[in-house]
1. Could you look through region 391-447, keep only residues that are under 23 Å from Phe479 (Cα atoms) and of a type in the set (S, T, N, Q), and pick out the one that is modelled with the lowest pLDDT?
2. In region 302-333, how many are in contact with a Leu (Cβ under 8 Å, 6 or more places away or on another chain), surrounded by fewer than 21 Cβ atoms within 10 Å (Cβ to Cβ) and at pLDDT 95 or above?
3. Of everything in region 538-554, what is closer than 30 Å to Gly154 by Cα, assigned to a loop (DSSP other than H, G, I, E, B) and either open to solvent by 70 Å² or more (accessible area, probe 1.4 Å) or in contact with a His (Cβ under 9 Å, 6 or more places away or on another chain) (or both)? Give them in sequence order.
4. Can you name every residue in region 485-537 that is outside any loop (DSSP other than H, G, I, E, B) and open to solvent by 70 Å² or more (accessible area, probe 1.4 Å)?
5. Failed condition for Leu119, given (1) of a type outside the set (Lys, Arg); (2) open to solvent by less than 10 Å² (accessible area, probe 1.4 Å); (3) modelled with pLDDT under 95, with all others met?
6. Considering only residues that are assigned to a helix (DSSP H, G or I), more than 23 Å from the chain's Cα centre (by Cα) and not acidic (Asp, Glu), which ones fall in region 258-285?
7. Can you confirm whether region 130-152 contains a residue that is open to solvent by 10 Å² or more (accessible area, probe 1.4 Å), in a loop (DSSP other than H, G, I, E, B) and touching a residue at least 40 places away in the same chain (Cβ under 8 Å)?
8. How many of the residues making up region 508-525 are closer than 25 Å to Gly547 by Cβ and either modelled with pLDDT of 85 or more or in contact with a Phe, Trp or Tyr (Cβ under 8 Å, 6 or more places away or on another chain) (or both)?
Amino acid sequence: MKKIIAAIAFAALGASVTTSCSDFLDVKMQGNPSEDNYWHSDKQAMDAVGAIYWILGQEETWGRDLFWEQGCGDDMVCNKSRWPSLYEFHYTGDESPLVDNWKYMYEYMARANWVISSLKAKGIDNLTAIEKRSVGEALFMRAWLHFHIAYRYGRSDNGVPFIRYEDSPEYAAQGNSAIPPQCKSVLDNYALIEQDLKEAEGLLPLFQTYGAEDQGRAHKQAVWALMVKLYAYWSYWSETTVPGLKVADANKWDLIPPLVDKLEGEGGRGLLDNFADVFKMENNWSKEYIWSVTSTGPTEGGSLFPGVCLVNKGWGLYNGWGSLKPTRGLYEAFDENDKRRDVSLIGYGRTVTYFGADQKYNDFDAIKSGFMYGKYFEPYTYGKRVMNAEGELDAAATAASNPYINQNGNRPTTSLNLPLLRFAEMVLFKAEALIKKGDGAGAAKELNRLRKRAGLAELSTATMEDLMKERRCELSGEFTDRFMDLKRWEDYKTLNSYQYSKLPKDPSRPLSDDNPFLADNDPANKAIWPVTDNAPLYSERETAAPGRNFEPEYDLVFPFPSQEVIKANGRLKQNPIGK
């Protein structure tokens, strides 16, 4: 991992002093490489690839910005004062998390483009083994970033901007200031992503061949897993009921089962026996791992999402932000005896181990949902509570006693990797593909692998309703994009629904006989989103929420940021924007 971290430091400097790919290359006075003195060693190739990986550890993107979008769905409630236009489906494309994600993904896509085009210019047969692997890593990262732009912005009748620098040297010379041509359809984008992944497959090793110092680099299994997700999203456009958007030959479900089998066979991926073990630091690189934001404990690396969803102010011991909370609906999606529920969610009144001592969870945050995500909590269980000479809590010394958290509380990362692709999701995609092919029994066999681990009875056949529930419960709180799932399943009723909390009469006090949970028909039991004085009781929750009106004609994807449309001067066709 040391090599990855060194490359990240290099990338951080580049990100702080550059605004375009060409600037990034021409900064000799600041100690960075130029075209004239670069690409002469394996180390230079690895450092350049490291500059692409840095996006995974940005405070934005997989730290929090992509998670803000999940407030559009039904599992996650966010600080609602931030972007009501986003959560009420009146998005303009100029909401700051959307603009930031667009900016960073295209910036780092340009870096990947630069690595690929520069190394290929030497001739692929003239490259060292490390340089060839570096091309594969850059191809994977270009596909990864391209995919996350494409499915969030692209429609069957309107693609997203993309260009391969190796095909168009004039764009490489412009770097981030270039305005690449817009694909006519997102299916064209998907075809280019598939092309990058297939080329990367031939250049990358299997994950298990990496030593500890290279864990976190792209590998064949990550390629195959991203292909699986690509084909599932690609297939949506063969099924959509939105007028004018269906594409008859977009069905790719048949390609998914053999890829998942390949991941398990040749790739050596599989399920851990215990669901809770998936979210333990010792299993960061287990057989269930496919792709993650890698983390490094007391240093700056990793995703800050664990701290973003930790209770606000961390009970005075650490800088939790309390910005994203699970909903009551998510909690109640789990069967009562589902082992995944208590791993995934921490409910009001539950006692957990926190810095070596018992801590009761009471929902004092601004977002009163009654729940906190538990999947990423393990690093906070270590350490001890340290008192000063006056017998008062010493928060700094308490944090310092825990080697698994970043000592900079303003960037609350931990040593637990944040999963982005894991084998359980591949099992779910295989089951979904089998259901689409009419093989309910085969799909049940796949879902039963997850249900057995969760302590649930086996299914004899599986329906889409079974698949949707298993996917929700298995992947809750992970960036698998629940919002996208609801859109591709055309579950507009859920998208338009109220979200509720589960709290006692007085949230400032512990649960007790005289402070019980509010009854479902208690008038004080109001919706937490949308916020309104006229929300129906929880017992009447089927009522559609005012202000939330998902219109698939407009809301399937986000509008492009307005400044990008202006800069393109007529070369970027905007997506339809609703009222």
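1. Looking at residues that are under 23 Å from Phe479 (Cα atoms) and of a type in the set (S, T, N, Q), I get Asn410.
2. 1
3. Pro546, Gly547, Asn549
4. First pass over region 485-537, keeping only residues outside any loop (DSSP other than H, G, I, E, B): 485-488, 492-495, 497, 499-500, 504, 512, 515, 517, 527-529.
Listed by number, the residues that qualify are Lys493, Phe517.
5. Against the list (1) of a type outside the set (Lys, Arg); (2) open to solvent by less than 10 Å² (accessible area, probe 1.4 Å); (3) modelled with pLDDT under 95, Leu119 comes up short only on (3).
6. Pro258, Lys262
7. Within region 130-152 (the criterion being open to solvent by 10 Å² or more (accessible area, probe 1.4 Å), in a loop (DSSP other than H, G, I, E, B) and touching a residue at least 40 places away in the same chain (Cβ under 8 Å)), the answer is no, since none of the residues qualifies.
8. 5
The values are calculated or read from the model by the stated rules, or taken from the named source; none is laboratory data. Note that this is a predicted model, so its numbers are computed, not measured. Counting neighbours? That spans all protein chains shown, and the Cβs are built from the backbone with ideal geometry, glycine included. The accessibility values were calculated without ligands, DNA or RNA, using every heavy atom of the protein model including side chains. Shrake-Rupley method; radii C 1.70, N 1.55, O 1.52, S 1.80 Å.
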